[in-house]
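Some notes on the structure that comes next.
The values are calculated or read from the model by the stated rules, or taken from the named source; none is laboratory data. What you see is a predicted model; the values in this text were computed from it and never measured. Positions of Cβ are generated from backbone atoms using ideal geometry, with glycine treated the same way; all protein chains shown enter the neighbour counts. Just so you know, the surface numbers come from the protein's heavy atoms only, side chains and all, with ligands and any DNA or RNA stripped out. Shrake-Rupley method; radii C 1.70, N 1.55, O 1.52, S 1.80 Å.
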Amino acid sequence: MGVEVRVEGLSKSFGAQTIWRDVSLTLPTGEISVLLGPSGTGKSVFLKSLVGLLKPEQGKVVIDGVDVCDCSESKLYEIRKLFGVLFQDGALFGSMNLYDNIAFPLREHTRKNESEVRQVVMEKMEMVGLIGAESKLPGEISGGMRKRAGLARALVLDPEILLFDEPDSGLDPVRTAYLNQLIVDLNAQIDATCLIVTHDINTARTVPDNIGMLFRRNLVMYGPREVLLTSREPVVEQFLNGRRQGPIGMSEEKDAGQMAAELAELEGDKGVPDIIPQLDVSPGLPERTAVRRRQDRVMANLHSLTPEAQQQIFKSMSDQEREHYGIRAGVAPAQAPSMSGSLPQGDVARVPQQAASQQATRPAGPAPQAAPQQAPQNRPQQNQAPQGSAAPNPGPQGSAPAHGHARPSPRPRPRSGEPPFQSGFQPDDEPVSARRRWFGRRKGGEQ
Ligand SMILES: Nc1ncnc2c1ncn2[C@@H]1O[C@H](COP(=O)(O)OP(=O)(O)OP(=O)(O)O)[C@@H](O)[C@H]1O
């Protein structure tokens, strides 16, 4: 199971160049988060700071009770063992075949003998669908295969935190869809805390539980996917829709006058966005346990989310889940701030924690389908969990939780007749065949 990563007030500069300042966020245990931002906003610098490869001037990165920014070399060495990192190009050694590349961390960092090494390497190669490609050199395979080899290598030390630096860079949309499905499936299998840096809008829309966005040296927003995917914050909206119009210009920032004119042009185009369902795990694999933990966490902080985000959260629930959380039809969601506003606004990044105290600036969206009743009396434990962190693991699927009432299974599988927002990917969609390919039914051919 993954571990929580807590970032508090982190600031990083190179000489006079401030990369970002006062970044605070929590990557909840086992959840998948995505970090977005225009080129050059410091996303890779952020990843390197989490692993302790770069030292921010201020702030903390707390993992397992250790501040990575201020700990001994030996502690840092131990903490780094919790990480698996997939670099943009896979970072494979060009002169080593895939088997030796993937075996490398095991030979360097463990005392396993060669037969044990072989067992782990083959297991991870099978997970990413590379069986049969052991003897190939990185130069002899496609970009997609190199990414998967890099991912297998990132997995060999059984990481609790997985960082992906633009896993989709250089891949076509189909290979990107396969890779996204692989990430979701891996998360279901190992429950590692995942952070993906990407520019790919489809990845941002379908893979993560949480999304963050860096812009103008600030984390402008971070929160549950439903918040950012329905956000009217101009920079978030521009990025997630891949538009020219908005605060982001060719060289990051735009002239204020031009931006105002462009945004005025878009005023007519302001319907409440409907969000695409999140990718579900491939059939035959375990459910993602993070989904249930996240749902408890988000429901405990629901009042602090925008009405649009609340609406999307209700829509994504099954009847059983609505009943469990005491949600009834026909009542408006709690009012919460829109989270749109002028940039930079560091506090907006703490949307789930602080939004409730901010002023609403925009009328609520259209009448919602459903809204929560009072918090269920028998669920105080989740409400007491620290905001932004995962609620306690409620136990195996279907078993009675520690606080003693039956829970619905997480994310029930789609049944015929259910509305499409519950379905995730249908059996005929690409990621399912990706699983066939990546979980051993096909030998590691060229992708
Ligand atoms: N070691 C370093 N020394 C000095 N400047 C650096 C260093 N590493 C990164 N930078 C600078 O930090 C800024 C952010 O770089 P970074 O690679 O993190 O951006 P990014 O958001 O990941 O960009 P992209 O999306 O294009 O990959 C850039 O201006 C870069 O030149």
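Report relative contact order for the range 5-229 in percent, whole number only (criteria: Cα-Cα under 8 Å, sequence separation at least 6).
Here the relative contact order equals 29 percent.
How would you rank 79-85, 296-302, 7-13, highest first, on the average number of other Cβ atoms within 10 Å across their residues?
Working: 79-85: 20.3, 296-302: 23.6, 7-13: 18.3.
The peptides rank, most packed first, as 296-302, 79-85, 7-13.
Run the dipole for the range 5-229 about the Cα centre, Lys and Arg Cβ at +1, Asp and Glu Cβ at -1, nothing else charged, and hand back the magnitude in debye, nearest 20.
480 debye
On a 21 Å Cα-Cα criterion, which of the cross-link pairs 43/136; 43/124; 43/147; 124/147; 75/147; 55/81 come out too long? Intermediate values should be presented prior to the final figure.
On the way: 43/136 32 Å; 43/124 27 Å; 43/147 19 Å; 124/147 13 Å; 75/147 29 Å; 55/81 18 Å.
The pairs that break the limit, which is 21 Å between Cα atoms, are 43/136; 43/124; 75/147.
Mind giving me the nanometre distance, one decimal, between the label points for residue 319 and residue 137, set 7 Å out from Cα along Cα→Cβ?
The answer from the label model is 6.2 nm.
Of the beta bridges DSSP finds with both residues in the range 5-229, what % are antiparallel, to the nearest 5?
Taking every DSSP beta bridge with both residues in the range 5-229, the antiparallel ones total about 55 percent.
Can you give me the orientation-averaged projected area of the convex hull built on the Cα atoms of the range 5-229, in nm²?
12.3 nm²
Give me the percent of accessible area attributable to carbon and sulfur for the range 5-229, probe 1.4 angstrom. Before the final figure, lay out the partial values.
Working: 3720 of 7920 Å².
Carbon plus sulfur share of accessible area: 47 percent.
For the range 1-151, what does the accessible surface come to per residue with a 1.4 Å probe? Please give it in Å². Please list the in-between numbers first.
Values: 6520 Å² over 151 residues.
The answer is 43 Å² per residue.
Positive end of the charge dipole of the range 24-84 (Lys, Arg +1 and Asp, Glu -1 on Cβ, about the Cα centre): tell me which of 35, 24, 82 has its Cα farthest that way.
35
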